[in-house]
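S.K.: Below is the structure I would like to discuss, written out as structure tokens.
The values are calculated or read from the model by the stated rules, or taken from the named source; none is laboratory data. Every value quoted in this text rests on a predicted model; they were computed, and no experiment measured them. With ideal geometry, Cβ positions are generated from the backbone for all residues, glycine too; neighbour counts draw on all protein chains shown.
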Amino acid sequence: MFKKFALFLISLLVAPGLGLVASTIGMNRLVESNGLTSIDEAAAACPPSAPDLSEGCQIFNTLHWLQQASLIALIVTLALPLVYLVAALLLGQNRNLLARFFPPLVWLVMGILPLLLAAHGVLVWFASWEMVQMGIIPASLRLMAVLGLLGLGLLIAALSIVTSMRRLLELDPLRVTGVELEKHEMPELFARVTRLANRLGSRPPERIVIGIEPTAYVANVPLRLRGVGDLPRAETLYLPTVALRVLDDAELDALIGHELGHFRGADLEFSSRFAPAFRSMSLAAESVGTDDDDDPVSFAVIPALGFLFFMMYTLNRILSGISRQREFAADQASLEVSSPRAIGSLLVKFTVLSAQWEEFRYGVGTLLRQGVSRRNFSRDYLARTREFLAAVNAEKLGRALLNEHTPHPLDSHPAMAERAAAVGVDAVACIGPSLAAMRVDRQGSAELEAIEERITLIDADYYRHPANPVVISDEAELPPELSFVKR
């Protein structure tokens, strides 16, 4: 970390440093060769507006311009992150001000950054040329190529951000593997959501999507449903199929109550303001990134990447406190429709459900590359989860769960132990009974089974190679690619 930070600071100083060194040395040489006593005396003898300046004065004025431009670049380079940090911290004191003014602050910095990078690139080229002319650095072809590539890299980084600006301002659809439910498909679930919304004094979601990924959230962004296409922006409740299998009625009420609590607190509007701003920084970092750490172009993009990661880190730090407050408030909504015990059990089960997901997804991809799929990925994932629970040490797992955070595509959650304590429940006492319940293979309804199989077909069709047919395996035992293997 220290090495990367030091490299970032050095990269910020290279271009203005070269300009200051070249201009200062050059002007001092001209002062000495003309018998003058100071740079100020030379500046008075060579006013830029004077007609018919001598060659010496023309060179001096060029170097003086280089010095001033380098000083301005250095000041702006150091001031930009400082102004951003101070403004972000001040706005972070008030949630409404943060939501209103922080995104414009991001766009402002994103607009200045490519101009600054382009100025650095020009300074590197101009200062290098002047230093060669004065004999400060040798006219080595290799050295000049390195400096030329360094300036080029800075210009490319600036151009990459500029050409990405249109995409940076768009709201990226949230990619989901699932289906938009119709009321006739799961009428009991719709009735439950409506009943809980009425109890909470919250508006019900405009649509309900259930999918394969083990997370739950509400969102007010466009959705990109795999196998369907883009859905317009609307208030959406997303629930995972695995949760509908493993949660009892009280736990499901607690889950839906928590998500509907976000509707009450205007959290969706707050998140939707920040989604484009954070995405813009992420896309800009992706656009200027390079995989080669040894070439000059790679070094040249360090200032841009450093700025962007600093901006994202600052935003994350500010939002983490606000996110904690919002999640605790949503958990209080759960208390209005369910019990502390059910909330504690829900937190344990959801944390466990997220534990093996990435490994399972990797196994699914491996299996599909072999031309094999499964009938129901949700059922298979729960089978793998039961294998995981049977293989690991229960005491160690319990300690690990206390500090885990349930995943969310647009936000972050506090640790499980903190959330349990906030609703007045002992997280440790909830772990044993909740894990025991998860070890039981609970059968889903016929409606849920049919929807899970539809989602599995969509998922398999998306990830398989178009030229490869897929055979569905119905064997009761999980294939090795999907099974849990203790390491």
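S.K.: What pairs can you find where one residue is in region 104-121 and farther than 21 Å from Leu71 by Cα, the other is in a helix (DSSP H, G or I) and modelled with pLDDT of 80 or more, and their Cβ atoms are less than 6 Å apart, with a gap of 6+ or different chains?
M.R.: Note: pairs meeting the criteria are Leu105/Ala87.
Let's see how each residue does on (1) within 40 Å of the chain's Cα centre (by Cα); (2) farther than 25 Å from Leu305 by Cβ; (3) surrounded by 20 or more Cβ atoms within 10 Å (Cβ to Cβ):
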site: Ser11; (1), (2), (3): yes, no, yes
site: Val14; (1), (2), (3): yes, no, yes
site: Leu18; (1), (2), (3): yes, no, yes
site: Thr24; (1), (2), (3): no, yes, no
site: Ser33; (1), (2), (3): no, yes, no
site: Ser38; (1), (2), (3): no, yes, no
site: Pro47; (1), (2), (3): no, yes, no
site: Ser54; (1), (2), (3): no, yes, no
site: Leu78; (1), (2), (3): yes, no, no
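S.K.: Evaluate the following for Val228: is it of a type outside the set (Lys, Arg) and free of Cβ contacts under 8 Å to residues at least 40 places away in the same chain?
M.R.: No: the conditions fail for Val228.
S.K.: Go through region 432-487 and count every residue that is in the same structural domain as Leu346 (by TED's automatic domain parsing), free of Cβ contacts under 8 Å to residues at least 12 places away in the same chain and among the β-branched types (Val, Ile, Thr).
M.R.: Here the count works out to 1.
S.K.: A follow-up question, please. Of all residues in region 163-176, which are modelled with pLDDT of 75 or more and surrounded by 19 or more Cβ atoms within 10 Å (Cβ to Cβ)?
M.R.: Within region 163-176, Leu174, Val176 meet the criteria.
S.K.: Write out, first by first residue and then by second, each pair whose Cβ atoms fall under 8 Å of each other, whose residues are 6+ apart or on separate chains, and whose first residue, in region 23-52, is closer than 15 Å to Gln68 by Cα while the second is charged (D, E, K, R) and assigned to a helix (DSSP H, G or I).
M.R.: Going by the 8 Å Cβ cut-off, the qualifying pairs are Ser23/Glu130; Gly26/Glu130.
S.K.: Could you list all residues from region 182-200 that are in contact (Cβ under 8 Å) with a residue 40 or more places away in the chain and in contact with a helix residue (DSSP H, G or I) (Cβ under 7 Å, 6 or more places away or on another chain)?
M.R.: Glu185, Met186, Arg192, Val193, Leu196, Ala197, Arg199, Leu200
S.K.: Could I ask something else about it? Scan region 109-149 for residues that are at negative phi and either outside any helix (DSSP H, G or I) or touching a strand residue (DSSP E or B) at 6+ places or on another chain (Cβ under 6 Å) (or both) and jot them down.
M.R.: Listed by number, the residues that qualify are Met134, Ile136, Ile137, Pro138, Ala139, Ser140.
S.K.: Any idea which residue in region 203-212 is nearest to Ile451 (Cα to Cα), counting only those that are surrounded by fewer than 20 Cβ atoms within 10 Å (Cβ to Cβ) and in contact (Cβ under 8 Å) with a residue 40 or more places away in the chain?
M.R.: Pro204
S.K.: Does Gly424 count as touching a Lys or Arg at 6+ places or on another chain (Cβ under 6 Å) and modelled with pLDDT under 90?
M.R.: For Gly424, the condition - touching a Lys or Arg at 6+ places or on another chain (Cβ under 6 Å) and modelled with pLDDT under 90 - is not met.
S.K.: With respect to Thr77, is the statement that it is modelled with pLDDT of 85 or more and touching a Pro at 6+ places or on another chain (Cβ under 9 Å) true?
M.R.: Against the criterion (modelled with pLDDT of 85 or more and touching a Pro at 6+ places or on another chain (Cβ under 9 Å)), Thr77 qualifies.
S.K.: Of the residues Ala390, Ala383, which is at pLDDT 90 or above, among the small types (Gly, Ala, Ser) and touching a Leu at 6+ places or on another chain (Cβ under 6 Å)?
M.R.: After applying the criteria, what remains is Ala383.
S.K.: Among the numbered criteria (1) crowded, with 16+ Cβ neighbours inside 10 Å; (2) of a type in the set (A, V, I, L, M, F, W, C); (3) at pLDDT 85 or above, which one does Leu82 miss?
M.R.: With (1) crowded, with 16+ Cβ neighbours inside 10 Å; (2) of a type in the set (A, V, I, L, M, F, W, C); (3) at pLDDT 85 or above applied to Leu82, the lone miss is (1).
S.K.: Just checking, how many residues over region 454-466 are part of a helix (DSSP H, G or I), out of contact with any helix residue (DSSP H, G or I) (no Cβ under 9 Å at 6 or more places or on another chain) and more than 14 Å from Glu185 (Cα to Cα)?
M.R.: Counting residues in region 454-466 that are part of a helix (DSSP H, G or I), out of contact with any helix residue (DSSP H, G or I) (no Cβ under 9 Å at 6 or more places or on another chain) and more than 14 Å from Glu185 (Cα to Cα) gives 4.
S.K.: Can you pull out every residue in region 305-340 that is outside any helix (DSSP H, G or I) and crowded, with 17+ Cβ neighbours inside 10 Å?
M.R.: Residue satisfying the conditions is Ser338 alone.
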